[in-house]
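Below is one structure, written out as structure tokens; comments come after it.
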Amino acid sequence: MSITVSGQSITYQEIVRQQKGWKKALAKLESESKKNLDLFNKYKDRTWVFTGCGTSYYLAQTASTIFEMLTGIHTKTIPASEILIFPKLVFNPASKYLIVPISRSGESTEVVLAAQKARDELKIPTLAVSCNPDSKLVKGSEHSITFPFEKEKSVVMTGSFTTMLLSVVHLASLSSSDPEIREKLLSLADASETLMRKYEPIVRKIVEDPNLNHFVFLGQGPFLGLANEAALKIQEMSISLSQSYHALEYRHGPKSTAAANTLITLLLSEEGKKYESHLAEDLKALGAKTFILQGESYSTLSEEIHDVVNVPSRYGDVFNAFLYMPLLQLLGYYKAIAKNINPDNPKNLSAVVTFETIGNGKYE
Ligand code: F1P
């Protein structure tokens, strides 16, 4: 089936509309600031355990890092399946926790069961973050953050990832005394739309190269979760081989497989730009194609030898995830189009993964 690019694809439409969804979500979150600040203050002395499945687990990784950067509250991130199977390795009886299960559908079996176990067996309060206010997860949680969200018809998560991330960052921002934080949050949608318009053609051109069939994504701190999600996106949408690592970890072995068929995408952090810029030069020496996303003042990496996205430096490590992620989603989308694969209907995947959909419920 030949897929044409543009509005015909559900996934494409959901990628390019996401910033409009951020504005609607922020309007509701702003109206609930008092309620959410009270919630924050009630649990600010606890360890916040973020959890989810698949894309929502990588979202939990990104959200918990940014949340801790903004609030100083200790956080932990773990796949929902680990809470289900090894709860004693996650929760220490001597500590007090709040569990933050994140789920687009609010129906994924592991995350629903993990939240139930935490609440009913371990007596840990739950704050659910979901796009579906009528879901099992939200209805079974003491607290929840939901927002007006135009339901995603695509199997893969795109705008749901960034909008749920935005709701966690908004919650964290309520505790900040920095007046700039709120202004930056509210300006993100326009900044991201401008970057999408500017860089979409470059992203598409990069992945249209048929020789590129191995994709590596690298990031530190809040960008590790993004690297993991970008790797999953290109795998789900274009059925391509992908890997993701802490940026500097790539040097300790995994780089052995880098070659001319490899596209290495490096998500530069403000905190680590010195080390990460040197890494970018090392990666080029491996013969791989390098795609760098950075704040415009982070490095002097030559645009002659690297493909570079420059985002406004004012946003920094707390907000750049919102400027990087839509472009990484487009990377996976355009690779699917280049391979003439329909990203709206990824192989072997369903929009919601429940045990009932694996082996006729034999997991019960
Ligand atoms: C998350 C998830 C995604 C996966 C696919 C199916 O579900 O498993 O990770 O990529 O989109 O859904 P949810 O718990 O966030 O609804």
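The values are calculated or read from the model by the stated rules, or taken from the named source; none is laboratory data. Computed from a prediction, not measured in an experiment: that's the story for all the values here. With ideal geometry, Cβ positions are generated from the backbone for all residues, glycine too; neighbour counts draw on all protein chains shown.
Against the list (1) under 21 Å from residue 41 (Cα atoms); (2) over 21 Å from the mean Cα position of the chain (by Cα); (3) away from the ligand (no atom under 15 Å from the Cβ), the condition residue 89 fails is (1).
Quick check on region 57-73. Is at least one of its residues modelled with pLDDT of 95 or more, touching an Asp or Glu at 6+ places or on another chain (Cβ under 6 Å) and within 11 Å of the ligand (Cβ to nearest atom)? Full working, then the answer.
Here is the first cut: in region 57-73, the residues modelled with pLDDT of 95 or more are 57-73.
Adding the requirement that they be touching an Asp or Glu at 6+ places or on another chain (Cβ under 6 Å) leaves 58.
Remaining after also requiring within 11 Å of the ligand (Cβ to nearest atom): 58.
Within region 57-73, one or more residues are modelled with pLDDT of 95 or more, touching an Asp or Glu at 6+ places or on another chain (Cβ under 6 Å) and within 11 Å of the ligand (Cβ to nearest atom).
Beta carbons closer than 6 Å, at least 6 apart along the sequence or on distinct chains, pair a first residue in region 52-80 that is closer than 11 Å to residue 102 by Cβ with a second that is part of a loop (DSSP other than H, G, I, E, B) and aliphatic (A, V, I, L, M) for 55/157. Could you list, in sequence order, the residues of region 231-262 that are outside any helix (DSSP H, G or I), surrounded by 15 or more Cβ atoms within 10 Å (Cβ to Cβ) and either over 24 Å from the mean Cα position of the chain (by Cα) or aromatic (Phe, Trp, Tyr) (or both)? Scanning region 231-262 gives 245, 258, 261. Taking into account only those residues within region 126-159 that are part of a loop (DSSP other than H, G, I, E, B) and of a type in the set (A, V, I, L, M), which is farthest from residue 324 (Cα to Cα)? Filtering region 126-159 for residues that are part of a loop (DSSP other than H, G, I, E, B) and of a type in the set (A, V, I, L, M), the one farthest from residue 324 (Cα to Cα) comes out as 155.
Checked against the criterion of being closer than 19 Å to residue 65 by Cα and within 13 Å of the ligand (Cβ to nearest atom), the candidates 105, 160 yield just one match: 160.
So, in region 137-157, of the ones that are within 11 Å of the ligand (Cβ to nearest atom) and under 11 Å from residue 103 (Cα atoms), which residue ends up nearest to the chain's Cα centre (by Cα)?
Residues of region 137-157 within 11 Å of the ligand (Cβ to nearest atom): 137, 152, 154-157.
Filter once more, so that each one left must be under 11 Å from residue 103 (Cα atoms): 137, 157.
Numbers: 137: 20, 157: 9 Å.
Per the criteria, the residue is 157.
Counting only residues that are without any contact (Cβ under 8 Å) to a residue 12 or more places away in the chain and within 16 Å of residue 28 (Cα to Cα), region 146-182 holds 1 of them.
Looking across region 309-344 at every residue that is of a type in the set (Gly, Ala, Ser) and within 16 Å of the chain's Cα centre (by Cα), the one that is nearest to residue 19 (Cα to Cα) is identified as 321.
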